[in-house]
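First comes the structure, then the notes that go with it.
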Amino acid sequence: MLRKIIPSERTEHIEYAIRDIVIEAEKRKAKGGDLFYLNIGDPVLFDFHTPEHLIEAAYEAMKQDHTGYSASEGVPEAVEAIRAEAERNGIKPHEILITTGASEAIDFALSALVNQAENVLVPSPGYPLYNALLSRLIGEPRPYRLDEDKNWEPDVDHMASQIDQKTKAIVVINPNNPTGAVYSEETLRGIVELAREHNLVIFSDEIYDKLILNSQEHISIASLDPELPMVTFNGLSKSYLAPGFRIGWAIVSGLPELVEDYTEAMRKLARARLCANHPKQFAIPPALNGNNSHIKAAVGKLRKRRDLTVERLNRIPGISCQKPSGAFYAFPRITVDVDDKEFVKDLIRETGVVVVHGSGFGNLPPTPHFRVVFLPPEEILNEAYDRVEAYMRRRFG
């Protein structure tokens, strides 16, 4: 007799709130309701377009028969372009691996390092992929606090209190998703000092590094210490407006004698999956070395939409919002007593405005929040915020 297939225990606690909340939106859609998607950070869903020279480079690569497997680490031209960009940012690469999006790079870095029951410090709030992957590895994502009263800077003292004998690494997301914070050099140096003291690897997710909306400089943490083992993640999805290309990379830095065995473990994982998308890798050199006028244009749009978002949200009773410095997210606080997940579900049902509950990005801080993506044009954002304001006044005013 056939028996029901039981999924593995490692999948039991995997959640991904950004996509999971779409289930509630689909229910409203099925009933004929309209939707305002402020939940997924995909620029090309709105009025942003992948630069033409990236598309042409990938197309030309296909015409030249770069459609078989590439080297597992990536095509040499792309690797060298990433190396040059890293050096411009003050990073001294030991190894570069081109991956299927930055997500695969993160997967390789965690899988090559973390054993069962070991832990990695992750920002809370922070991108939920790290928690999901650590759950799959049967490791522990251990949250450290970002301080809302200090523009969501990491609380380095709280980070230190979370370290024990089974801690392997610290994740830094800068600019941060979901808060849009860009970290100060002082904070980054504090994290470096902590990692040195406890012999920890730093994972630095810098996928939004070109989308800086204030005058603040973005600093790659690996540029602050060439000896300390670090892995820096980046890719084409956000700053280069090509999320569907699924091209990312990992830059391993640190003293060779400290990182070589770990790097080889990451190479093994890269070889086991053969390679990233071969022709799309040829978009990396023109992205990093070519015309980047699209970034200035994108930042100009995003700065206006950021300012609109902060101004509108702070006018709504029961909501307060810090001004993000980078990326295209805001993380407003709900100042009335609600469960944030139920709040978001009800908001979708009542208004069609799709946002993500703050607890989907971690349980710190304990106060309720939600994440807004301010990629849509101003007229869409204004209509969405009109609906949120009417909802708040109706429910809590």
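Of all residues in segment 77-115, those being under 16 Å from Arg273 (Cβ atoms) and β-branched (Val, Ile, Thr) number 4.
Test Asp34 against the stated conditions and say whether it is surrounded by fewer than 20 Cβ atoms within 10 Å (Cβ to Cβ), touching a residue at least 12 places away in the same chain (Cβ under 8 Å), over 18 Å from the mean Cα position of the chain (by Cα) and not assigned by TED's automatic domain parsing to the domain that holds Glu148. Yes: the conditions hold for Asp34.
Can you name the residue in segment 54-92 that is part of a loop (DSSP other than H, G, I, E, B) and over 26 Å from the mean Cα position of the chain (by Cα) and is also farthest from Arg271 (Cα to Cα) among such residues?
Only one residue tops the list, namely Gln64.
Counting the residues of segment 341-356 that are part of a strand (DSSP E or B) and modelled with pLDDT under 95 gives 0.
Restricting segment 371-397 to residues that are among the aromatic types (Phe, Trp, Tyr) and out of contact with any Phe, Trp or Tyr (no Cβ under 7 Å at 6 or more places or on another chain), the residue that is surrounded by the fewest Cβ atoms within 10 Å (Cβ to Cβ) is Phe396. Is at least one residue of segment 17-31 in the same structural domain as Asp340 (by TED's automatic domain parsing) and either in a loop (DSSP other than H, G, I, E, B) or farther than 30 Å from His369 by Cβ (or both)? Yes, segment 17-31 contains a residue that is in the same structural domain as Asp340 (by TED's automatic domain parsing) and either in a loop (DSSP other than H, G, I, E, B) or farther than 30 Å from His369 by Cβ (or both). When segment 256-298 is filtered for residues that are among the small types (Gly, Ala, Ser) and touching a residue at least 24 places away in the same chain (Cβ under 8 Å), the ones remaining, listed by number, are Ala265, Ala270, Ala276, Ala283, Ala287, Gly290, Ala298. Scanning segment 333-342 turns up one or more residues that are farther than 21 Å from Ile23 by Cα and under 24 Å from the mean Cα position of the chain (by Cα). Checking segment 111-128 against the condition returns a match, with at least one residue being modelled with pLDDT under 95 and under 20 Å from His369 (Cα atoms).
For segment 330-340, which positions are under 28 Å from Tyr208 (Cα atoms) and in a loop (DSSP other than H, G, I, E, B)?
Phe331, Pro332
Number of residues in segment 242-277 that are surrounded by fewer than 22 Cβ atoms within 10 Å (Cβ to Cβ) and closer than 19 Å to Ser103 by Cβ equals 13. Are any residues in segment 93-123 over 23 Å from Gln165 (Cα atoms) and either among the hydroxyl-bearing types (Ser, Thr, Tyr) or in a loop (DSSP other than H, G, I, E, B) (or both), and if so, which ones? Across segment 93-123, the qualifying residues are Thr99, Thr100, Ser103.
Regarding Val120, is this residue β-branched (Val, Ile, Thr), in contact (Cβ under 8 Å) with a residue 40 or more places away in the chain and closer than 24 Å to Ile247 by Cα?
Judged against the criteria, Val120 is not a match.
Under the condition of being under 30 Å from Leu110 (Cα atoms) and either touching a Phe, Trp or Tyr at 6+ places or on another chain (Cβ under 7 Å) or in a helix (DSSP H, G or I) (or both), the residues counted in segment 278-306 number 11. Mind listing whichever residues of segment 234-260 are in a helix (DSSP H, G or I) and either under 12 Å from His94 (Cβ atoms) or of a type in the set (A, V, I, L, M) (or both)? Result: Pro256, Glu257, Leu258, Val259, Glu260. Restricting Glu77, Glu60 to those that are outside the structural domain of Val259 (by TED's automatic domain parsing) and touching a helix residue (DSSP H, G or I) at 6+ places or on another chain (Cβ under 9 Å) reduces the list to Glu60.
The values are calculated or read from the model by the stated rules, or taken from the named source; none is laboratory data. Worth saying up front: this structure is predicted, and the values here are computed from it rather than measured. We place every Cβ from the backbone using ideal geometry, glycine too, and count neighbours over all the protein chains shown.
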